[in-house]
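Rule-based calculations on the coordinates, nothing more; no lab input. Small disclaimer: the values here were computed from a predicted structure and weren't measured. All Cβ positions, glycine included, derive from the backbone under ideal geometry; neighbour counts span all protein chains shown.
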Amino acid sequence: MLPLDPDAVSHGIQLSVAPVFLLTAVSGMIGAVANRLARIIDRARLLEQSVAGKAQESDHGKVYDELAQLRRRGLLANCSIALLTLCAVCIGLTIMVLFLGETLNLQGLRISIVSFLAGVVFFQCALVCFLVETWIATRVLNFAQAKP
């Protein structure tokens, strides 16, 4: 068994703390996107029930258009959650490599650089998916017709 230097362990923990803050942001984003996805699903179920209950097919076109839009939004939200999960895995790997590299003198600098940068790229891509989803959600709103 390798002897562990308390200073090395302490320094390893210090190195590993910075990426933990990114994990906190990722978990908050997952919660926000998951809430949006739940609202999308609830709205889609409501629309599907209204189509099933209506005999008139004149309104079905608008409902099916909205359902198609909700499907796109749901796919973007799912994509965002998947990218955020991949980000969390990469950041977790970064934390482990930094900690083990410092405490056990393992050479993992390249792995930690690649995993951290991959995590940041996944986070940015997830933010783009989130931005597009919110843009689709708000572009149908007509604020000009709203009366104070």
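So here's what we get for this one:
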item: ³J(HN,Hα) computed for each position of region 20-25 - Karplus, 6.51 cos²θ - 1.76 cosθ + 1.60, integer Hz, glycine/proline x; result: 5, 5, 5, 4, 5, 5
item: HN-Hα J in Hz across region 89-95 - Karplus 6.51, -1.76, 1.60, θ = phi - 60°, x for Gly and Pro; result: 5, 5, 5, x, 5, 4, 4
item: Using θ = phi - 60° and Karplus 6.51 cos²θ - 1.76 cosθ + 1.60, couplings along region 108-113 (whole Hz; Gly, Pro as x); result: x, 4, 4, 5, 5, 5
item: Cut-off 14 Å between beta-carbons: net charge of the residues surrounding Trp135, Lys and Arg +1, Asp and Glu -1; result: +3
item: Relative packing of peptides 114-125, 36-47 - highest average C-beta neighbours within 10 Å first; result: 114-125, 36-47
item: Modelled FRET efficiency - R0 25 Å, Gln14 with Gln124, Cβ distances, 0.05 increments; result: 0.45
